[in-house]
């Protein structure tokens, strides 16, 4: 095994984690990434002299003993990551515009319950039962706790198969509190009657315990993973996209890049959107037509408009938590495809800088958006979309800023410069269909249909990333373990992580 070679297509979070795991276990790893900078959602970029992150803003599981902490310890990269904890008394702020009410949620299980019970004292017992039910749901997922899969045939609880909104309603009777408890639904593209309860539980429990923020940009994590690969003899190639994948006798023989490199390996891992990978296959019969149709027809999660704002000096005070804006408590689970209520949800934050002062220098605002909004420019390319597209972007950004002025009065006057990303930006940058923020939509009504296994019918091809199992930083890292153990052998990486 220690002389085996692996070629990984895609240098985002999933590809880098998979590459780091396999390099650590003695494989010779080569990663190819189409963008000039690795990291995908971990990338940072500079605009107007300020550093902005492309996707990741908050990380969970990094407290000692947490799942991501243990993974980082195993990879020996803890000292390469600069994180800061959010405020104990306010990890998240929820603002509901229709009644101009703000709710501040504290850290930890007790803090979560006590802070919300202060606003809803009649719901204290229900809140405690709700939190216990969420924790119980996460216990049904062994990998979330880095446990070996149970040998027995496990039947999930009834709660596991509920939609997230129905799960909350099962335990919480107050309609306003139900709305507040959905505050993190932008972190998993939550939609009523669709999003599985276990997805809601995983994200909620993960960030309830000890959310942290990257200081100085998220690219440090991508660089740390790349260091593991390179220091173990691997190679990371950026700015050279895979353009062809050749398959013979149900086995991949080589991957050809835009620059003409021909990469061969014992194993190949696709860490890009499955639809994008299928397009690279030169032998279309390598996958059955039914599989290709299924891959192409699974519904994708929604996209977003993202505002990266440089603030005027001393105009907005820095806040050390994540903010969640809802236009109306009745709209929290509605899809952003409803243009009549857009922007009904926004996520906002001021990322921490080195030696953070009283005032913030930047702000990020994310507003979920439907792909249909950008259909007029679907066939255009970056910097060639026309003046009407630029005008549309400015109009949409102005609508978001106007909504956010409920939270930050005169926000428009505090902005020095603004960079606007749209679903087209996300599609072209990440290579994901319809600019989906979280890959395929997870649907409680058809869990099997919305899950793509990491093992494929091609003997030496495996997949990883947010389209498989659970999305998000934690979910992608855990999926990378599953992918790699399909190559190495069951529980080998888990054993090494837990014994480290």
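Residue check: residue 39 meets all listed conditions (1) within 22 Å of residue 430 (Cβ to Cβ); (2) touching a strand residue (DSSP E or B) at 6+ places or on another chain (Cβ under 6 Å) but one, namely (2).
Table: residues versus (1) surrounded by fewer than 19 Cβ atoms within 10 Å (Cβ to Cβ); (2) in the same structural domain as residue 16 (by TED's automatic domain parsing); (3) part of a loop (DSSP other than H, G, I, E, B).
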position	(1), (2), (3)
413	yes, no, no
419	yes, no, no
426	no, no, no
442	no, no, yes
453	yes, yes, yes
457	yes, yes, yes
465	no, yes, yes
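From the list 254, 230, the one residue that fits, being modelled with pLDDT of 95 or more and in contact with a helix residue (DSSP H, G or I) (Cβ under 9 Å, 6 or more places away or on another chain), is 230.
Conditions tested, residue by residue: (1) in a helix (DSSP H, G or I); (2) surrounded by 13 or more Cβ atoms within 10 Å (Cβ to Cβ); (3) modelled with pLDDT of 95 or more.
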site: 116; (1), (2), (3): yes, yes, yes
site: 122; (1), (2), (3): yes, no, yes
site: 130; (1), (2), (3): yes, yes, yes
site: 143; (1), (2), (3): yes, yes, no
site: 151; (1), (2), (3): no, no, no
site: 157; (1), (2), (3): no, yes, no
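With respect to the conditions (1) surrounded by 22 or more Cβ atoms within 10 Å (Cβ to Cβ); (2) in a helix (DSSP H, G or I); (3) touching a helix residue (DSSP H, G or I) at 6+ places or on another chain (Cβ under 8 Å), residue 278 falls short on a single one, namely (1). Could you say whether any residue in segment 388-402 is in contact with a strand residue (DSSP E or B) (Cβ under 7 Å, 6 or more places away or on another chain), assigned to a loop (DSSP other than H, G, I, E, B) and surrounded by 18 or more Cβ atoms within 10 Å (Cβ to Cβ)? Within segment 388-402, not a single residue is in contact with a strand residue (DSSP E or B) (Cβ under 7 Å, 6 or more places away or on another chain), assigned to a loop (DSSP other than H, G, I, E, B) and surrounded by 18 or more Cβ atoms within 10 Å (Cβ to Cβ). Looking at the structure I just gave you, is residue 172 farther than 24 Å from residue 471 by Cα and free of Cβ contacts under 8 Å to residues at least 60 places away in the same chain? Criteria met by residue 172. For the condition touching a strand residue (DSSP E or B) at 6+ places or on another chain (Cβ under 9 Å) and free of Cβ contacts under 8 Å to residues at least 24 places away in the same chain, residue 453 qualifies.
Annotation note: of 458, 401, 420, the sole residue that is more than 26 Å from the chain's Cα centre (by Cα) and either closer than 15 Å to residue 299 by Cα or at pLDDT 95 or above (or both) is 458.
Within the set 351, 368, the sole residue that is within 30 Å of residue 193 (Cβ to Cβ), at pLDDT below 95, in contact with a strand residue (DSSP E or B) (Cβ under 9 Å, 6 or more places away or on another chain) and buried (at least 20 other Cβ atoms within 10 Å of the Cβ) turns out to be 368. Put simply, of 38, 68, 13 the only residue that is under 21 Å from the mean Cα position of the chain (by Cα) and over 29 Å from residue 208 (Cα atoms) is 38. Screening residue 433 against (1) at pLDDT below 95; (2) closer than 23 Å to residue 194 by Cα; (3) in the same structural domain as residue 265 (by TED's automatic domain parsing); (4) touching a helix residue (DSSP H, G or I) at 6+ places or on another chain (Cβ under 8 Å) leaves a single unmet condition, (3). Here segment 259-285 is the region considered, the condition is being out of contact with any strand residue (DSSP E or B) (no Cβ under 6 Å at 6 or more places or on another chain) and without any contact (Cβ under 8 Å) to a residue 24 or more places away in the chain, and the residue that is farthest from residue 459 (Cα to Cα) is 259. Checked against the criterion of being assigned to a loop (DSSP other than H, G, I, E, B) and over 18 Å from residue 294 (Cα atoms), segment 474-487 has no qualifying residue.
Restricting to segment 310-341, and then to whatever is more than 18 Å from residue 364 (Cα to Cα) and without any contact (Cβ under 8 Å) to a residue 60 or more places away in the chain, can you tell me which residue is nearest to the chain's Cα centre (by Cα)? Filtering segment 310-341 for residues that are more than 18 Å from residue 364 (Cα to Cα) and without any contact (Cβ under 8 Å) to a residue 60 or more places away in the chain, the one nearest to the chain's Cα centre (by Cα) comes out as 336. Counting the residues of segment 163-192 that are under 22 Å from the mean Cα position of the chain (by Cα) and in a loop (DSSP other than H, G, I, E, B) gives 9.
Yes/no matrix, rows are residues, columns are (1) touching a residue at least 24 places away in the same chain (Cβ under 8 Å); (2) part of a loop (DSSP other than H, G, I, E, B); (3) assigned by TED's automatic domain parsing to the domain that holds residue 461; (4) surrounded by 21 or more Cβ atoms within 10 Å (Cβ to Cβ):
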site	(1), (2), (3), (4)
11	yes, yes, yes, yes
15	yes, no, yes, yes
19	yes, no, yes, yes
23	yes, no, yes, yes
26	yes, yes, yes, no
36	yes, yes, yes, no
46	no, no, yes, no
51	yes, no, yes, no
73	yes, no, no, no
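The values are calculated or read from the model by the stated rules, or taken from the named source; none is laboratory data. The model shown is predicted, which means the values in this text are computed figures rather than measured ones. As a convention, Cβ positions derive from the backbone with ideal geometry for all residues, glycine included, and neighbour counts pool all protein chains shown.
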